[in-house]
1. Evaluate the following for GLY119: is it loosely packed, with under 11 Cβ neighbours inside 10 Å, out of contact with any Phe, Trp or Tyr (no Cβ under 9 Å at 6 or more places or on another chain) and not assigned by TED's automatic domain parsing to the domain that holds ALA175?
2. Which residues, taken from region 1-25, are hydrophobic (A, V, I, L, M, F, W, C), surrounded by 12 or more Cβ atoms within 10 Å (Cβ to Cβ) and part of a helix (DSSP H, G or I)?
3. Can you tell me how many residues in region 26-62 are surrounded by 17 or more Cβ atoms within 10 Å (Cβ to Cβ) and either among the β-branched types (Val, Ile, Thr) or not in a helix (DSSP H, G or I) (or both)?
4. So ASN54 clears everything in (1) closer than 29 Å to ALA87 by Cβ; (2) under 24 Å from the mean Cα position of the chain (by Cα); (3) among the polar types (S, T, N, Q) except one condition, right? Which one?
5. Would a scan of region 16-23 turn up a residue that is touching a helix residue (DSSP H, G or I) at 6+ places or on another chain (Cβ under 6 Å) and either of a type outside the set (Asp, Glu) or in contact (Cβ under 8 Å) with a residue 12 or more places away in the chain (or both)?
6. Hand me the list of helices (runs of 4 or more DSSP H) wholly inside region 99-201 holding 1 or more residues that are within 27 Å of the chain's Cα centre (by Cα).
7. Can you tell which of LEU122, LEU130, LEU162 is among the hydrophobic types (A, V, I, L, M, F, W, C), over 19 Å from ALA11 (Cα atoms) and at pLDDT 90 or above?
8. Quick check on region 132-139. Is at least one of its residues surrounded by 18 or more Cβ atoms within 10 Å (Cβ to Cβ), under 30 Å from ILE29 (Cα atoms) and out of contact with any Ser or Thr (no Cβ under 6 Å at 6 or more places or on another chain)?
Amino acid sequence: MRIYADRFPRAARQVLTDLLVVAWVYLSIRFSMWLHDLIEKLAVPGQKLEGAGNDLARNFAETSDKIGRTPLVGDELTAPFDRAADAARSLAEAGQNQQEQVGDLALALALLALVLPLGLVLVGWLPLRLRWIRRASAARAMRAAPAGRDLLALRALANQPLRQLDRIGPDVAQAWRRGDDSTVDALAALELRRLGLRVSR
């Protein structure tokens, strides 16, 4: 399997593009993490609310327990403190719910910020890169096969621009049909150069 071209200009472009894609993915992940952390800071009020609610509930519950030990009237006096403790627990629960909602929002926005950049890589760059690797690997295998240069020449006839074919000769198709060695070699070399591969094995 061939990952990079043999010839300098094409190989340099491929290496540079791959490095840019790696940097793009890294920066996208870092930005997504930064966005997640930034939104998570919105959960601080919820944390404080939860902490304050729990402290209040604990204090009211302790006060209710102490008052409940008072002979004769203890049970009657504890009711307001129990209700206050329940209200404080509701505050703590509201703070916890707010934190969960902020956490869900942070995760959703971070993933959303990651989908577009990674989608461009997976849909745009990766298929093109894999297609070149398949074509270059197949062309290298053909180059080494006995009849490979004929197949490469045929592919050049089918895919190369007419001006490129005209440079080989005015009647290049007829020369290829006759099996003219120089024409077949020139066509095969044209196809290999198009992929950035060396002509020789």
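The values are calculated or read from the model by the stated rules, or taken from the named source; none is laboratory data. Please read these numbers as outputs of a predicted model, since none were measured by experiment. Here the Cβ positions follow ideal geometry from the backbone for every residue, glycine too, while neighbour counts run over all protein chains shown.
1. Values: loosely packed, with under 11 Cβ neighbours inside 10 Å: yes; out of contact with any Phe, Trp or Tyr (no Cβ under 9 Å at 6 or more places or on another chain): yes; not assigned by TED's automatic domain parsing to the domain that holds ALA175: yes.
Taking the combined requirement at face value, the residue satisfies it.
2. Step one: of region 1-25, the residues hydrophobic (A, V, I, L, M, F, W, C) are 1, 3, 5, 8, 11-12, 15-16, 19-25.
In the following step, the residues that additionally are surrounded by 12 or more Cβ atoms within 10 Å (Cβ to Cβ) were identified as 3, 5, 11-12, 15, 21, 24-25.
Answer for region 1-25, where residues must be hydrophobic (A, V, I, L, M, F, W, C), surrounded by 12 or more Cβ atoms within 10 Å (Cβ to Cβ) and part of a helix (DSSP H, G or I): ALA11, ALA12, VAL15, VAL21, TRP24, VAL25.
3. The qualifying residues number 1.
4. Here ASN54 clears every test but (2).
5. Filtering region 16-23 for residues touching a helix residue (DSSP H, G or I) at 6+ places or on another chain (Cβ under 6 Å) gives 21.
Checking which are either of a type outside the set (Asp, Glu) or in contact (Cβ under 8 Å) with a residue 12 or more places away in the chain (or both) leaves us with 21.
Yes, there is a match, as at least one residue in region 16-23 is touching a helix residue (DSSP H, G or I) at 6+ places or on another chain (Cβ under 6 Å) and either of a type outside the set (Asp, Glu) or in contact (Cβ under 8 Å) with a residue 12 or more places away in the chain (or both).
6. Working: elements: 126-144, 148-159, 162-168, 172-178, 181-194.
The helices (runs of 4 or more DSSP H) meeting that bar are 126-144.
7. Numbers: LEU130 fails: over 19 Å from ALA11 (Cα atoms); LEU162 fails: at pLDDT 90 or above.
Among LEU122, LEU130, LEU162, only LEU122 is among the hydrophobic types (A, V, I, L, M, F, W, C), over 19 Å from ALA11 (Cα atoms) and at pLDDT 90 or above.
8. Filtering region 132-139 down to residues surrounded by 18 or more Cβ atoms within 10 Å (Cβ to Cβ) leaves 132, 136, 139.
Okay, now just the ones that are also under 30 Å from ILE29 (Cα atoms), so 132.
So of that shortlist, the ones also out of contact with any Ser or Thr (no Cβ under 6 Å at 6 or more places or on another chain) come out as 132.
So far as region 132-139 goes, yes, one or more of its residues are surrounded by 18 or more Cβ atoms within 10 Å (Cβ to Cβ), under 30 Å from ILE29 (Cα atoms) and out of contact with any Ser or Thr (no Cβ under 6 Å at 6 or more places or on another chain).
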